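The values are calculated or read from the model by the stated rules, or taken from the named source; none is laboratory data. On a predicted model such as this, the values are computed, not experimentally measured, just so you know. All Cβ positions, even for glycine, are placed from backbone atoms using ideal geometry, and neighbour counts span all protein chains on display. Just the protein is used for accessible areas: all its heavy atoms, side chains included, with ligands, DNA and RNA removed. Shrake-Rupley method; radii C 1.70, N 1.55, O 1.52, S 1.80 Å.
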Amino acid sequence: MNIFFSFLLVALPLYAQKSVKYELRFDNAAHHEATIRATFSGVTEQPLELRMSRSSPGRYALHEFAKNVYSLHPFGPAGQSLAVTHPDPSGWNVSGANGTVIVEYTLYGDRVDGTYAAIDSTHAHLNPPAALIWARGFENAPVSLSFVVPEGSNWRAATELAPEPDGTWSAPNLEQLMDSPIELSDHQQPEWKIENQTFRLALHQRGTEAEAKVFAQMCQAVVLEEEGVFGSFPKYDTGTYTFLVDYLPYASFDGMEHRDSTVISGPLTLKGDSTRDIGTVSHEFFHSWNVRRIRPKSLEPFDFDRADMSGELWFAEGFTNYYGILTLKRAGFSTLDEFASEMGPAVNAVLTAPGRLVHNVVEMSQLAPFVDAARSIDTNNFANTFISYYTYGQALALGLDLMIRQHFPGKSLDDWMRTMWREHPDINKPYTLGDLQQALGESIGDPDFARQVFDEHVYGKTPLDYSAALASAGLVLRKQHVGAVWLGARNINFADKGAEIASNTLRDSPLYKAGLDIGDRIERWDGKQIKNSSDLDSWLAKHKPGEQVSLEAETRAGKKTVTLTFSENPALEIVTFERAGQSVTPAITAVRTAWLSSKALHPLPQISAMP
């Protein structure tokens, strides 16, 4: 036996002994605190490096979760205190360990969303990166969690973590732990089966069981429609997919995808038939394929210590945005007019926002660490340099879907998605931008078309020919405010001293060309005072493109008078041929049917288990 192999036989049992256990208590839930005890067994590192995450799966910016951790005390198995230093804001180094390190700390959390922790007398809503301390060297160690809920609370756990016979929950490693949000509450839990997969809601709300059942049926329709795009469900790791839904008056609007679950939150009350309630579900469930399994290589492995940058978010997030809206139409939750209205703002932004001339869609995606719920105190010029990768990707998906249907009969964007699902079925085979281009060419049988799309519209800044693409489906791209003038600032605040420009003026807009920008205060408009937004709208309605007016403004350089030349409002909208007074041909009807009809492969199943 060689020396190296002998070393492995000795080392492997030591590694196998590594494990992590968490116990979470909520004795002070009314004041948004949890007491957490983490036990690291099999410690060999000196010092043991403890970390709180700085980023979270599904988010692309830093969030510095350590700010809500305090009263941290490490000790050994016999209760002896261990030496600890605090070398950086998110780290603690523990010395003097003898195989086991136990760490107790207090966690504060009071934000109900898909990123942070929220603890109160009604529930504990835990996103693990915001709640659980971890240790370097233990990334591949098995993990177990137990919960001590407040007496009489009737809280029970809903999570994609694996349930164990002893009442604990487990994950095979740190990455799966951090990707498994937890809802502890007295929630409603309707569930249903499709094939061998179980789907369930953990619905924490103040509504009735009847409303919960209607919402569950809407979720079912979404699940079936999106399965129809790919042809099959992912293989969920525990055989179950969970929608963790907090609709509470104090919840923040959010949706966050995970491998086998999603978090959805908002200050909503279920109305039974409102598409407002189901829109986030539609977007987030599509992510169980697109981004959680069809995964950009730039996001693997996910780094909990830094911002994870990706140039593929226009596909991972933007195409998901498109399919989220398309699914609602296919499932019968929206009309054709409503669908067109939902798609219009994305196309409008790509064609009219000045940012398209600054960054291509890949570069827009790479800006995510600065915009994805990121916080900073300095101003920026994103109004003139940035278009959301959600918006840009949605517009690309819409235009490409219709172009493919127009030029490659029998093919669609669904074929591109299925090709990506077949060739990149999970995180062990992530994709690159080159893989996306190859899959597009393969799905339609035309690599030259795919190369042109990427050269001009992905790596380049040329917009698609949306007018022609939309016309093939009986949709019109047109000016939204024909003959109306605009100023070119998204926010103007009125006060006693005048109208303050509260956002960057848009490049080449009337205000921009007049030399006015954020912070400047307009005191007189062609000699008149305007005291509110309603009066400003009335004043603007009296002017036409090409007219000039004089503005008296207080600027950083002092008072000055400028000449403003009005131009036509460039905003665009998408409407149906019917609304535009044009005829719908049988060919258009056929395109609409193929594009917008249901793709569900199964009937709605029976809902059960609603405690």
Among the residues of the stretch 573-591, the number that are under 20 Å from L326 (Cβ atoms), of a type outside the set (D, E) and open to solvent by 30 Å² or more (accessible area, probe 1.4 Å) is 5
Is it the case that S298 is touching a residue at least 12 places away in the same chain (Cβ under 8 Å), open to solvent by 30 Å² or more (accessible area, probe 1.4 Å) and within 30 Å of F138 (Cα to Cα)? yes
Looking at the stretch 121-131, is at least one residue at pLDDT below 95 and surrounded by fewer than 24 Cβ atoms within 10 Å (Cβ to Cβ)? no
Could you please give the count of residues in the stretch 221-232 that are over 20 Å from P181 (Cβ atoms) and either within 21 Å of the chain's Cα centre (by Cα) or not in a loop (DSSP other than H, G, I, E, B) (or both)? 8
Please go through the stretch 568-611 and give me each residue that is within 30 Å of G546 (Cα to Cα) and of a type in the set (A, V, I, L, M), ordered by number. A571, L572, I574, V575, A580
Collect the residues in the stretch 436-447 that are within 11 Å of T419 (Cβ to Cβ) and either crowded, with 18+ Cβ neighbours inside 10 Å or of a type in the set (S, T, N, Q) (or both), keeping them in residue-number order. L436, Q438, A439, L440, G441, S443, I444
Restricting attention to the stretch 392-418, report how many residues are within 20 Å of L299 (Cβ to Cβ) and hydroxyl-bearing (S, T, Y). 1
I'm trying to understand the selection: among the residues of the stretch 332-366, which are among the aliphatic types (A, V, I, L, M), open to solvent by 30 Å² or more (accessible area, probe 1.4 Å) and in contact with a helix residue (DSSP H, G or I) (Cβ under 8 Å, 6 or more places away or on another chain)? L336, L351, V358
Report yes if some residue within the stretch 85-94 is modelled with pLDDT under 95, of a type outside the set (D, E, K, R) and surrounded by fewer than 13 Cβ atoms within 10 Å (Cβ to Cβ); otherwise report no. no
Is it true that K213 is part of a strand (DSSP E or B) and either open to solvent by 10 Å² or more (accessible area, probe 1.4 Å) or without any contact (Cβ under 8 Å) to a residue 12 or more places away in the chain (or both)? no
Quick check: anything in the stretch 567-578 modelled with pLDDT of 95 or more and under 30 Å from Q205 (Cβ atoms)? no
Among residues of the stretch 237-252 being in contact (Cβ under 8 Å) with a residue 60 or more places away in the chain and not in a strand (DSSP E or B), the residue farthest from the chain's Cα centre (by Cα) is T238
Any hit, the stretch 139-152, residues being under 18 Å from F304 (Cα atoms) and small (G, A, S): yes
What's the number of the condition R418 fails, among (1) closer than 21 Å to V350 by Cα; (2) touching a residue at least 60 places away in the same chain (Cβ under 8 Å); (3) open to solvent by 60 Å² or more (accessible area, probe 1.4 Å)? (1)
Only one of (1) modelled with pLDDT of 95 or more; (2) buried (at least 19 other Cβ atoms within 10 Å of the Cβ); (3) small (G, A, S) fails for S252. Which number is that? (2)
Residues located in the stretch 543-569, provided they are open to solvent by less than 60 Å² (accessible area, probe 1.4 Å) and under 14 Å from I501 (Cβ atoms): L551, A553, E554, T555, V562, L564
Out of (1) in contact with a strand residue (DSSP E or B) (Cβ under 6 Å, 6 or more places away or on another chain); (2) open to solvent by 50 Å² or more (accessible area, probe 1.4 Å); (3) in a helix (DSSP H, G or I), what's the single condition that is false for L540? (2)
Restricted to the stretch 164-184, and to residues that are touching a residue at least 60 places away in the same chain (Cβ under 8 Å) and open to solvent by 50 Å² or more (accessible area, probe 1.4 Å), which residue is farthest from R200 (Cα to Cα)? E175
Failed criterion for E456 (all others in (1) under 20 Å from V347 (Cβ atoms); (2) of a type in the set (D, E, K, R); (3) surrounded by 15 or more Cβ atoms within 10 Å (Cβ to Cβ); (4) out of contact with any Lys or Arg (no Cβ under 9 Å at 6 or more places or on another chain) hold): (3)
Restricting to the stretch 40-73, name every residue that is surrounded by fewer than 16 Cβ atoms within 10 Å (Cβ to Cβ) and either closer than 26 Å to R259 by Cα or of a type in the set (F, W, Y) (or both). E64, Y70
If we keep just the residues of the stretch 321-337 that are without any contact (Cβ under 8 Å) to a residue 60 or more places away in the chain and out of contact with any Gly (no Cβ under 8 Å at 6 or more places or on another chain), which is farthest from A61 (Cα to Cα)? T335
